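Here, each number is a calculation from the coordinates, and none is a lab measurement. Just so it is clear, the structure is predicted and the values come from calculations on it, not from any experiment. We place every Cβ from the backbone using ideal geometry, glycine too, and count neighbours over all the protein chains shown.
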Amino acid sequence: MIKSSWTKWIGLIIGVLLIIVFMWASVILGLTKISTQMVFDSFYQFDGSNEHIIIQDTRIPRALIAGAVGASLAIAGAIMQGLTNNPLASPSVFGVNAGASFLVVVGISFFGITSLGTLKWLAFLGALITVVIVYVLGSLGRDGITPIKLTLAGAAIAALFSSLTQGVLTLNEQALDQVLFWLAGSVQGRELELLTSVFPYFLTGWLCAIIIGRQMNVLSMGDDVAKGLGQRTLLVRIFGAVLVILLAGGAVAVAGPIGFIGIVIPHIARWLVGIDYRWIIPYSGVLGALLLLFADIGARYIIMPSEVPVGVMTAFIGTPFFIYIARRGINE
Amino acid sequence: MSKYIPVRLGKISFLLEKRSLVLFVSLFVLMAILIVISLGLGQMKISPLNVVRSILGIGTEMEQLVVLSFRMPRILMAAIAGIGLALSGAILQGIIRNPLASPDIIGITGGAAFTTVGFLAWFSDRSNTLTVSISWLPLASLSGAIIMGLLVYFLAWNKQGITPIRLVLIGVGLSATVQALTTMTMLLGPIFTASRANIWITGSVNGTNWSEVVTVIPWMMVSILILFIFTRRLNIQELGEELATNAGGLVQKDRFVLLLLSTALAGGAVAFAGGIGFVGLMAPHMARKLVGSAFGVLLPVSGLIGGIIVLLADLIARTAFAPLEVPAGVLTSAIGAPYFIYLLYQSGKK
């Protein structure tokens with residue numbers, strides 16, 4: 001664990017530098033080999049060659065999207081774990097991804113919506129609905145919110161939305177073809193406008209998450225302590241939930257439901273910098289971006305020349321972690 | 001007059017509450033009526049009386065053909081699948097001691113889905129025809145369910161045995177993993193396989209034939225019989241770890257057997273009917289509201305309710321949108337899930 005504050009700053013800077021290295025790798029690696037020189041040329045002397053088009057239209061958007069989505073999912077996971085005191089909380093386990101994707105699939109297949117602007121709002125709405133239902137279901141009963149109740153409620157809602165999504169798709173085979181790759185979670189073949197239209201929300205989410213780090217530190221000591229220290233816990237929770245909706249909903253709108261990042265990364269961040277959320281959140285963001293970039297590069301090589309959806313890659317990487325965390329146990 | 005009738009059969013003994021008995025019988029009758037109605041509805045309408053005649057073998061030849069050869073297998077399969085899923089859910093809710101547990105959530109259905117989709121994708125040639133007989137498909141689904149059940153069990157196991165919470169967490173995690181694998185397999189295969197697989201995942205009893213029904217019945221009967229013997233152990237499980245141990249239960253061993261039973265029941269159901277969602281979650285919950293939580297009555301009542309739910313879903317799925325055929329699973333999720341959330345909300349407010 002990194003103790004002193006200046007080494008934490010150095011760690012963060014190294015992380016950001018690594019993101020740049022990974023993004024560079026993401027641009028030059030793949031089926032079409034690309035040299036660094038070509039990348040510069042495509043900016044300054046664009047000549048319309050295949051390589052230049054690939055760089056501009058595919059590789060660069062892809063690298064940027066992977067970074068932004070990875071960071072957002074990881075931060076959303078960190079916030080959820082902090083707010084619920086549940087080490088397994090994450091957008092995928094609690095059904096937020098599934099809820100957002102359900103509404104997007106309904107929009108595409110029933111109403112033929114293709115405009116990015118509308119789909120984005122559908123994703124936000126889906127995330128909002130899920131968060132509310134899971135929270136209400138998880139807090140029912142005399143003993144209030146317990147980790148196991150919340151996890152089960154989340155899993156039940158995730159199962160609900162994914163079976164509804166499948167139901168919608170059985171009715172519309174054409175839509176199935178269209179959304180299947182998106183549904184597996186992928187950052188490939190997305191246009192840059194998709195990212196630019198949600199980026200303001202991402203940015204707001206990241207910054208606000210860092211700001212509420214202090215409140216989350218207090219909250220993670222338990223409700224009673226937090227209330228005793230004069231915190232309005234409900235307000236913090238609602239604010240946190242809004243951030244989760246922005247980050248996870250936005251991520252789904254851009255890349256489809258990508259699992260396991262939100263659950264694994266905050267644990268690695270905690271292992272690196274301890275229990276202070278003011279550090280956990282930025283570290284989660286950086287590490288999340290790195291993981292998704294890495295997974296996306298890996299996804300190109302496993303079954304070359306076709307590609308594995310990056311959501312499958314993160315599932316492969318994340319499962320052992322998940323099992324480890326679950327086995328170590330959480331407080332009932 | 002006592003409210004209970006004691007039943008003793010050698011080592012097995014239980015109390016039968018009269019009210020529950022009445023309920024059980026009425027649900028059974030309801031299910032039978034539903035089967036008869038369902039047999040009569042469809043493209044060719046047959047009156048309930050003629051349906052009964054056909055079953056007894058004294059109807060017209062045409063009606064007998066439609067009722068016995070075309071509709072009967074799928075309707076029986078719907079009922080059997082519903083019973084299997086509901087029982088499986090009831091067992092899991094007993095072991096995990098939480099009304100939100102079900103075979104879909106801890107990944108048993110997901111495991112079956114993966115092997116099914118894998119089977120469809122890997123044994124298809126370029127022209128989308130299967131290279132092996134389709135009758136192997138249920139075996140693929142069943143083995144997926146059982147492997148998944150065992151995997152969840154062993155990963156949740158440590159020196160002290162398994163705890164309910166670890167079972168849930170590992171199940172939730174693994175089901176997300178197999179879901180990713182399933183989607184990947186669907187993606188890599190041709191779109192024809194994908195849409196077929198998607199219908200399986202959603203759950204449908206369309207196109208069931210008699211030989212499938214004959215295969216699944218013994219499997220279910222044996223599982224239900226063993227479950228009947230283990231009912232008392234399930235009651236003990238619900239007391240929780242310490243009390244159950246004090247009550248003299250072999251907690252860990254029972255848990256394993258019960259989990260295996262639950263997997264076998266769900267696996268048998270999804271093998272033929274696909275991943276019909278939310279029955280395993282909903283039916284036991286409704287049963288609990290009706291008869292309370294003693295498993296002696298809870299199990300049969302949830303089984304019947306599960307059967308009724310899937311029968312109804314299938315009936316609506318194949319008649320309401322005719323000539324379009326909707327998978328029954330779409331309806332169980334679309335109608336069942338909001339209702340279930342409402343139920344939970346109601347019961348939680350108390």
Quiz prompt | Using a Förster distance of 30 Å, the FRET efficiency for B:I229-B:Y339 (Cβ separation, nearest 0.05) | solution = 0.35
Self-check item: Relative contact order %, chain B, counting alpha carbon pairs below 8 Å whose residues are six or more apart
Solution: 27
Exercise. Find the relative contact order for the stretch A:60-327 and round it to a whole percent, using C-alpha pairs within less than 8 Å whose residues are 6+ positions apart.
Key: 35
Self-check item: Cα convex hull of the stretch B:179-277 - mean projected area over all directions, nm²
Solution: 8.4
Quiz item: Counting other C-beta atoms within 10 Å, which of A:F94, A:F43 has the fewest, and how do the rest follow?
Solution: A:F43, A:F94
Quiz item: Toward the positive end of the charge dipole of the protein assembly as shown, about the Cα centre and with charges on Cβ (Lys, Arg +1; Asp, Glu -1), which of A:T118, B:S47, A:G274 goes farthest?
Solution: A:G274
Practice problem: Sum -39500 (n - 2.57) across every DSSP H segment of at least 4 residues in the protein assembly as shown, then divide by the residue count to get the 222 nm mean residue ellipticity, nearest 500. | Solution: -24500 deg cm²/dmol
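Specify whether the C-alpha gyration tensor of the protein assembly as shown places it in the rounded, prolate or oblate class, a ≥ b ≥ c being the square roots of the eigenvalues: rounded for a/c under 1.5, otherwise prolate if a/b is larger than b/c and oblate if not.
It is oblate, given that a/c is not under 1.5 and a/b is not larger than b/c.
The stretch B:25-83: D in µm²/s via Stokes-Einstein (Kirkwood Rh, Cα pairs, 10 °C, 1.306 mPa s)?
Values: Rh = 11.5 Å.
Roughly 138 µm²/s, to the nearest whole number.
How high is the FRET efficiency from A:N50 to A:W9, r the C-beta distance, R0 51 Å, rounded to 0.05? Intermediate values should be presented prior to the final figure.
Numbers: r = 42 Å, r/R0 = 0.83.
Calculated value: 0.75.
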Exercise. Could you check the simple spin-label distance between B:E61 and A:F40, using points 7 Å along Cα→Cβ, in nm with one decimal?
Key: 8.8
Quiz item: Given springs between every Cα pair under 10 Å in a Gaussian network model of chain B, which of B:I46, B:I58, B:I108 has the largest fluctuation?
Solution: B:I58
Practice problem: Take the alpha carbon gyration tensor of the stretch A:60-327, find the square roots of its eigenvalues, order them as a ≥ b ≥ c, and report rounded if a/c is under 1.5; if not, report prolate when a/b exceeds b/c, else oblate. | Solution: prolate
Quiz prompt | Sequence of B:D104, A:D224, A:D57, A:D41 once ranked by neighbouring C-beta atoms within 10 Å, starting from the fewest | solution = A:D224, A:D57, A:D41, B:D104
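Could you work out the mean count of beta carbons from other protein chains within 10 Å of each residue's beta carbon in A:301-308?
Numbers: counts 0, 0, 2, 0, 0, 2, 1, 4.
Per residue, the average neighbour count from other chains is 1.
Cross-link list A:K8/A:K149; B:K253/B:K289; A:K3/A:K120; A:K149/A:K227: which exceed 32 angstrom alpha carbon to alpha carbon? Let's see the in-between values first.
On the way: A:K8/A:K149 35 Å; B:K253/B:K289 29 Å; A:K3/A:K120 40 Å; A:K149/A:K227 22 Å.
A:K8/A:K149; A:K3/A:K120, as the Cα separations exceed 32 Å there.
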Practice problem: Give the span of the stretch A:37-118's Cα atoms along each principal axis, as three whole-Å numbers ordered largest to smallest. | Solution: 52, 35, 16
Practice problem: Report P(r) for the stretch B:1-124: all Cα-Cα distances, bin width 5 Å, range 0 to the bin holding the largest distance, values in whole percent. | Solution: 2, 9, 11, 11, 12, 13, 13, 13, 9, 4, 1, 0, 0
Quiz prompt | For residues of B:272-282, the mean tally of beta carbons on other chains within 10 Å | solution = 2
Quiz item: Considering only B:I229, B:V326, B:L76, whose Cα is most displaced toward the positive end of the charge dipole of chain B, charges sitting on Cβ of Lys, Arg (+1) and Asp, Glu (-1)?
Solution: B:I229
Quiz item: Given +1 on the Cβ of Lys and Arg, -1 on the Cβ of Asp and Glu, and no further charges, what dipole in debye does the stretch B:4-349 carry about its Cα centre, rounded to the nearest 20?
Solution: 640
Exercise. Quick one: which residues, 5+ away or cross-chain, put their amide H under 5 Å from the amide H of B:S124? H built at 1.01 Å from N.
Key: B:T131
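For the stretch A:146-266, report the convex hull volume of the alpha-carbon atoms normalised per residue, in Å³, without decimals. Don't skip to the end; give the middle numbers.
On the way: hull volume 15.4 nm³, N = 121.
Normalising the Cα hull of the stretch A:146-266 by residue number yields 127 Å³.
When only C-alpha pairs under 8 Å and at least 6 residues apart count, what is the relative contact order of the stretch A:71-177, in percent?
On the way: 124 pairs, mean separation 34.2, N = 107.
RCO, the stretch A:71-177: 32 percent.
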Self-check item: Net charge dipole size for the stretch A:60-327 [Lys, Arg +1 and Asp, Glu -1 on Cβ; Debye, nearest 20]
Solution: 600
Quiz item: Is the shape of the stretch A:43-194 rounded, prolate or oblate, going by the alpha carbon gyration tensor and its root eigenvalues a ≥ b ≥ c, with a/c under 1.5 for rounded and a/b larger than b/c for prolate?
Solution: oblate
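Taking the beta-carbon count within 10 Å as an exposure proxy, list B:L324, B:L260, A:L290, B:L139 from fewest neighbours to most. Can you show the working numbers first?
Working: B:L324 9, B:L260 18, A:L290 23, B:L139 13.
Fewest-to-most ranking of B:L324, B:L260, A:L290, B:L139: B:L324, B:L139, B:L260, A:L290.
At a 10 angstrom cut-off on C-beta neighbours, averaged per residue, how do the peptides B:95-101, B:301-307, B:214-220, B:165-171 rank from highest to lowest?
B:301-307, B:165-171, B:95-101, B:214-220
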Quiz prompt | Number of partner chain Cβ atoms within 10 Å, mean per residue of B:187-196 | solution = 3
Exercise. Could you list which residues have their amide H under 5 Å from that of B:V205, counting only those 5 or more apart in sequence or on another chain, with H placed in the peptide plane?
Key: B:A328
Quiz prompt | Using θ = phi - 60° and Karplus 6.51 cos²θ - 1.76 cosθ + 1.60, couplings along the stretch A:119-134 (whole Hz; Gly, Pro as x) | solution = 4, 4, 5, 4, 4, 4, 4, x, 4, 4, 4, 4, 4, 5, 4, 4
Quiz item: What residue among B:V257, B:V132, B:G275 has its Cα farthest toward the positive end of the dipole of the protein assembly as shown, where the charges are +1 on Lys, Arg and -1 on Asp, Glu, each on the Cβ?
Solution: B:V257
Self-check item: In sequence order, calculated HN-Hα J values of the stretch A:311-324 (Karplus, 6.51, -1.76, 1.60; Hz; x Gly/Pro)
Solution: x, 6, 4, 5, 5, 4, 5, x, 4, x, 4, 4, 4, 4
Exercise. Return P(r) of chain B (all Cα-Cα pairs; 20 Å bins starting at 0; whole %; ordered from short to long distances).
Key: 30, 57, 13, 0
Quiz item: Listed highest first by mean packing, meaning other Cβ atoms within 10 Å per residue, what order do A:98-108, A:194-204 come in?
Solution: A:98-108, A:194-204
Quiz prompt | Note, ³J(HN,Hα) from phi for the stretch B:69-75, Karplus 6.51, -1.76, 1.60, rounded to Hz, x at Gly and Pro | solution = 8, 8, 8, 3, x, 5, 6
